[in-house]
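What follows is calculated from the coordinates using simple rules that are stated; it is not laboratory data. Source: prediction; values computed, not measured. Note that we place each Cβ from the backbone using ideal geometry, even for glycine, and neighbour counts take in every protein chain shown.
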């Protein structure tokens, strides 16, 4: 009989099909209109079900599918998000390892990324079979908490690392939002479309007064060379495919994307993080997202932001009408002097 968790590993909807799901059904929202307080734990509440060697074996399994060798840096876990009576949320965070995330959240329900060759596909099956006892162990623990129905159900599972990411959507002076295609060099969601700036919190962010804004500003500077942004908090969600808590922010710049080409191309991590940038008019953003292999969080963020700005078509099947994405491609290299 096939191990139960192996069945779970093939249950994720492929990115090409997930775009047909309504964006607000692809995430678990965390209630709260603003963040009242951030509390840091000296020791994380995360309890890894694996030894160091077992964790490394699962990371190797994940790396085989993503074809990227990740680095085990320090990351920040969302331990709790407690809603107060005034609608504000108190956030409790701690530090964990990035490999803890790869071996738990992305093992129990990994992104469905097709193998690029038969040899990698066969190697993946072999490694999954050898690791079946580890996969079963994690699946059994997660099932013991019941079927997740909301964000609180995810956060109470102490055997999931639940590391925090930030997603920043930037709109320019001409009413166009920046949508990026993630590079094949990144270890998570490589080759997929996403919001303008995304990144996970690290130890430096953990120590900052506002860890989430600090991360958003740091990533904007590193990935796109953008400085002086004033991010607006738009909520917290947990993506259903990666089971990852993401803090959503939006910001505007007083220039057009066409004026920022050279700045973005010279950014420290642009080549590492992104393979292309698209400047999409806000009225076309929902349809653009529906035509792209986009992360759950980014699809929701773009959908929600466009609706808040008065755009229509969020629930209409018309958003799947044919569209030429390439006309929005922002050719940065031509602007480098």
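Some points to look at:
- Counting neighbouring Cβ atoms within 10 Å and putting the fewest first, the residues 169, 260 line up as 260, 169.
- When only Cα pairs below 8 angstrom with a gap of at least 6 residues are kept, region 22-155 shows a relative contact order of 32 percent.
- Cα centroid of region 214-270 to Cα centroid of region 44-96, whole Å: 22 Å
- DSSP-defined beta bridges in region 165-335 - what % are antiparallel, rounded to 5: 75 percent
- For residue 69 and residue 327, a Förster radius of 35 Å and the Cβ-Cβ distance give a FRET efficiency of 0.45, rounded to the nearest 0.05.
- Within region 22-155, DSSP assigns beta bridges of which about 60% are antiparallel (rounded to the nearest 5).
- Extension gain, residue 53 back to residue 17 (0.36 nm per residue minus Cα-Cα distance, nm): 9.5 nm
- Under 20 Å from the residue 88 label point (7 Å along Cα→beta-carbon), backbone N, region 34-61: 34-41
- Among 167, 34, the ranking by other beta carbons within 10 Å of each residue's beta carbon, starting with the fewest, stands as 34, 167.
- Added length on full extension, which subtracts the Cα-Cα distance from 0.36 nm per residue, residue 259 to residue 37: 76.2 nm
- Exposure proxy for 237, 47, 246: other Cβ atoms within 10 Å of each Cβ, ordered fewest to most, give 47, 237, 246.
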